[in-house]
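J.: Got a structure for you, questions after.
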Amino acid sequence: MKNINLIRKIAWNFYNHKTQSIDWDDLFQQASLAYLEALKSYNPDKGKLSTYMWTTITNNLKSHLSREERVNGHLDYVEDIPTDLPKSPDEFFDQLTDDAKEIAESIIRESEKFICLPPDEIGITVIQMFSKKWEEERILMGLNDLKTACTCS
């Protein structure tokens with residue numbers, strides 16, 4: 001899938017912020033299915049694919065969580081789902097520090113290194129990538145800025 005990291009990011013936001021009562025793999029699978037369904041209706045004349053996918057997958061996951069809450073009672077209120085996610089990937093990148101942007105761009109550029117890594121190993125891989133360029137403290141600060149943006153988005 002071309003936008004696998006976008007799908008992972010959206011699913012991770014929902015897992016991390018909205019509910020951990022639903023398994024990460026289930027959210028990722030639901031986001032992937034939403035992506036595939038959205039490809040059928042995407043019109044490139046109306047905007048960027050990533051923006052369309054962000055909106056469509058986010059809305060699909062909100063609906064999915066709402067259904068899960070009604071069926072299984074996982075969430076207290078659907079209104080508890082934060083709606084302050086960035087509206088597009090561009091808005092997300094705009095809020096990053098320069099170092100966090102550079103780290104994020106490297107992760108995206110070399111996504112094949114990161115696609116199957118668990119979150120705790122991503123940091124180690126980033127440190128290895130940037131260790132010749134930056135001091136470890138700067139790398140850790142950039143990672144922390146990126147993590148903060150991901151958890152606050």
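We did not get these values from a lab; they are worked out from the coordinates using the rules stated. None of these values were measured; they are calculated from a predicted model. Cβ placement follows ideal geometry from the backbone for every residue including glycine, while neighbour counts extend to all protein chains displayed.
J.: May I ask you to list the lysines whose Cα is less than 19 Å away from that of residue 9, ignoring any residue fewer than eight positions away on the same chain?
T.: Those lysines meeting the cut-off are 18, 48, 62, 87, 101, 113, 147.
J.: Points 7 angstrom from Cα along the Cβ direction at residue 105 and residue 16: gap in nanometres?
T.: Here the answer is 2.1 nm between the modelled labels.
J.: What's the ranking of 110-118, 32-40 by average number of surrounding C-beta atoms within 10 Å, highest first?
T.: So the peptides 110-118, 32-40, ranked by packing, come out 32-40, 110-118.
J.: Explain nothing, just the number: relative contact order of segment 95-153, from Cα pairs under 8 Å at least 6 residues apart, as a whole percent.
T.: 54
J.: Here's another thing I want to ask about it. By the scheme Lys and Arg +1, Asp and Glu -1, what is the net charge of all other residues having a beta-carbon under 11 Å from that of residue 57?
T.: +2
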